[in-house]
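The values are calculated or read from the model by the stated rules, or taken from the named source; none is laboratory data. Since we're looking at a predicted model, the values are computed, not measured. No Cβ is skipped: glycine too gets one built from the backbone with ideal geometry, and neighbour counts run over all protein chains shown.
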């Protein structure tokens, strides 16, 4: 399975200043659409953010998801499973965080960690990964068929840009808190993570396709995600309830 050969930077036709203006307009539109979405209350929206360390997941939450009224948003960051979580099936903790109707759920890392980290660290074999691909497709099918739109974004960052951001974390006092000495060890496993992600893209797209977002330039990444969110909300064709 080959990892997609997609650029990590914006197409040449996109200019930073113009794109940032378009993003600002999209964020205003998103605020209005969320008001309708919340008032209508018939649908739910789940935004899944995946990507290598320093790909900018937190930045997306701050800059794009921040356009929404926080009363209608739940953000969940999935870390290593706790002891009580490990005593249950691996999707148990995820299902508890599925957004209710009228709500937008944002997952900073997600159910896909259970076929990414687990494969790279050799915690599961290929046969188990294949079973889990089926579980994840079934999980997303259940969500979509019961009123939840699932938008999955992979933030596609280059190794060079990741190294630059790691250096910034070490040297910038405002970013140093994000630095993890284990980052360098994980960065050495890029080939294994690329292979694991290639498996995810090839096998887990039945109910919810992947958006592979060039993430080296934050201004372009934010535009692409804001546009996808706007289009998804518009496609719901919601109306305000009658008073």
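Among the numbered conditions (1) outside any loop (DSSP other than H, G, I, E, B); (2) closer than 18 Å to residue 57 by Cβ; (3) touching a strand residue (DSSP E or B) at 6+ places or on another chain (Cβ under 6 Å), the only one that residue 208 does not meet is (1). Looking at segment 68-162, the helices (runs of 4 or more DSSP H) lying wholly inside it that each contain 1 or more residues that are within 13 Å of residue 208 (Cβ to Cβ) sit at 126-145. More than 17 Å from the chain's Cα centre (by Cα), loosely packed, with under 15 Cβ neighbours inside 10 Å and either free of Cβ contacts under 8 Å to residues at least 60 places away in the same chain or closer than 30 Å to residue 126 by Cα (or both): is that true of residue 243 in this structure? It is true that residue 243 is more than 17 Å from the chain's Cα centre (by Cα), loosely packed, with under 15 Cβ neighbours inside 10 Å and either free of Cβ contacts under 8 Å to residues at least 60 places away in the same chain or closer than 30 Å to residue 126 by Cα (or both).
Being within 26 Å of residue 68 (Cβ to Cβ) and either crowded, with 17+ Cβ neighbours inside 10 Å or modelled with pLDDT under 95 (or both) narrows it down to one residue among 149, 144; which is it? The conditions single out 149.
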